[in-house]
Amino acid sequence: MDILLEILKEMYEDIDFHTHETLIDDKVIDSFDIISLIAEIDDKIGVSIPPEELVPENFNSYAAMCAMIERLEDI
């Protein structure tokens, strides 16, 4: 999911999103970042993230975010 990676790299240039799997746990991404990320995902990918998906597990890694977006695209 290249678009998501581009969004994340714009927010954090120095993070390797392919290997970092504890973005929330390590406080790399905070609640304000999640709000910005949700808006960017909706705008650039066209996927709306409902409130019930706003759990740390869905944003703790790039892979988790990709899985959430792919799951929501199928709805």
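The values are calculated or read from the model by the stated rules, or taken from the named source; none is laboratory data. Predicted model only: the values in this text are computed from it and were never measured. Note: ideal-geometry Cβ built from the backbone for every residue, glycine included; neighbour counts use all protein chains shown. To get the accessible areas, we keep the full protein, side chains included, count just its heavy atoms, and leave off ligands, DNA and RNA. Shrake-Rupley method; radii C 1.70, N 1.55, O 1.52, S 1.80 Å.
Return the total of residues in the stretch 49-75 being farther than 15 Å from Ile7 by Cβ and hydroxyl-bearing (Ser, Thr, Tyr).
Number satisfying all stated conditions: 0.
Scan the stretch 11-56 for residues that are of a type in the set (Asp, Glu) and in contact (Cβ under 8 Å) with a residue 24 or more places away in the chain and jot them down.
Glu21, Asp25, Glu40, listed by residue number.
Being within 21 Å of Leu72 (Cα to Cα), out of contact with any Pro (no Cβ under 8 Å at 6 or more places or on another chain) and modelled with pLDDT under 95 narrows it down to one of Asp14, Asp30, Asp2, so name that one.
After ruling out the rest, the residue left standing is Asp2.
Hey, among the residues in the stretch 1-21 that are not aliphatic (A, V, I, L, M) and not in a loop (DSSP other than H, G, I, E, B), which one's least open to solvent (accessible area, probe 1.4 Å)?
Once the filter is applied, the top-ranked residue is Lys9.
In the stretch 24-75, how many are of a type in the set (Ser, Thr, Tyr) and surrounded by fewer than 17 Cβ atoms within 10 Å (Cβ to Cβ)?
Of the residues in that region, 3 qualify.
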